[in-house]
Amino acid sequence: MEISKMTSCSDEDFKQIEALVGVLSSSCKADRAVLEEVIAQENTHLFVARDKEKGIVGMATICCFTIPTGRHATVEDVVVLPQCQGLGLGRRLVEAALSYLRKNGKGYKVGLTSKPSRVAANALYKSMGFKQKETNVYNMEIYDCGDILSTLHLK
Ligand SMILES: CC(C)(COP(=O)(O)OP(=O)(O)OC[C@H]1O[C@@H](n2cnc3c(N)ncnc32)[C@H](O)[C@@H]1OP(=O)(O)O)[C@@H](O)C(=O)NCCC(=O)NCCS
């Protein structure tokens, strides 16, 4: 099983990422254009676990950004196909993302969030040294105005 940073996306790769997104969330759908954007972005790095026969069976993304309080990174969308879980892949994927940052040599504050119901994920992150922080998480969706305007036939 090889862990590598994704630099291109074949149709087969996309189907496998689509399946992984389905494991992560029933309300999210993978989008080919978005995935191409992820791969092209300079500050976002998508790591995949690739099996010779099964193809992509797991992924983890790290997003880096610099703000007045310093260089930060967030670990996002960590997921392994159910039939490949418990084999150490989740740990290897997050490790790959962190060692990519370490090699960069700049120093980052690395954060992530995970619902309490995600028992395996919470255990994984704690076992890797992430410390739980008390904070409130807020979300808002900004919709694609282009889509709304065309739906209303205003564009
Ligand atoms: C979280 C997830 C990525 C872990 O991947 P994995 O390959 O199964 O995990 P690993 O085999 O690398 O296990 C690493 C550690 O995770 C924890 N862990 C894994 N499975 C666990 C389980 N079923 N129960 C409790 N802890 C578990 C353990 O601490 C384990 O370390 P150990 O083997 O030394 O005990 C995987 O369970 C998954 O895809 N879950 C669904 C999606 C999800 O919740 N993603 C996280 C979003 S924040």
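Since every read-out is calculated from the coordinates, none of them should be taken as a lab result. None of these values were measured; they are calculated from a predicted model. Using ideal geometry, Cβ is built from the backbone for each residue, glycine included, and neighbour counts are taken over all protein chains shown.
Can you say whether E42 is under 20 Å from S4 (Cβ atoms) and part of a loop (DSSP other than H, G, I, E, B), as far as the supplied structure shows? Walk me through how you get there before you give the answer.
Numbers: under 20 Å from S4 (Cβ atoms): yes; part of a loop (DSSP other than H, G, I, E, B): yes.
So E42 passes the test.
When segment 42-75 is examined, which residues are found to be more than 17 Å from K106 (Cβ to Cβ), within 13 Å of the chain's Cα centre (by Cα) and either away from the ligand (no atom under 14 Å from the Cβ) or not β-branched (V, I, T) (or both)? Before you say what the answer is, go through the steps one by one.
Residues of segment 42-75 more than 17 Å from K106 (Cβ to Cβ): 46-61.
Subset that is within 13 Å of the chain's Cα centre (by Cα): 46-49, 58-61.
Hits for segment 42-75 are L46, F47, A49, G58, M59, A60.
Filtering segment 88-116 down to residues that are near the ligand (Cβ under 9 Å from one of its atoms), among the aliphatic types (A, V, I, L, M) and not in a loop (DSSP other than H, G, I, E, B), which residue is farthest from the chain's Cα centre (by Cα)?
L89
Among the numbered criteria (1) surrounded by 19 or more Cβ atoms within 10 Å (Cβ to Cβ); (2) over 26 Å from K103 (Cβ atoms), which one does A49 miss?
It is condition (2) that A49 fails.
Mind listing whichever residues of segment 87-128 are β-branched (V, I, T) and surrounded by 15 or more Cβ atoms within 10 Å (Cβ to Cβ)? Don't jump to the end; show me each part of the working.
Just the residues of segment 87-128 that are β-branched (V, I, T), to begin with: 94, 110, 113, 119.
Answer for segment 87-128, where residues must be β-branched (V, I, T) and surrounded by 15 or more Cβ atoms within 10 Å (Cβ to Cβ): V94, V110.
Among the residues of segment 3-30, write down those that are surrounded by 14 or more Cβ atoms within 10 Å (Cβ to Cβ) and among the acidic types (D, E).
Once the filter is applied, which keeps residues that are surrounded by 14 or more Cβ atoms within 10 Å (Cβ to Cβ) and among the acidic types (D, E), segment 3-30 yields D13, E18.
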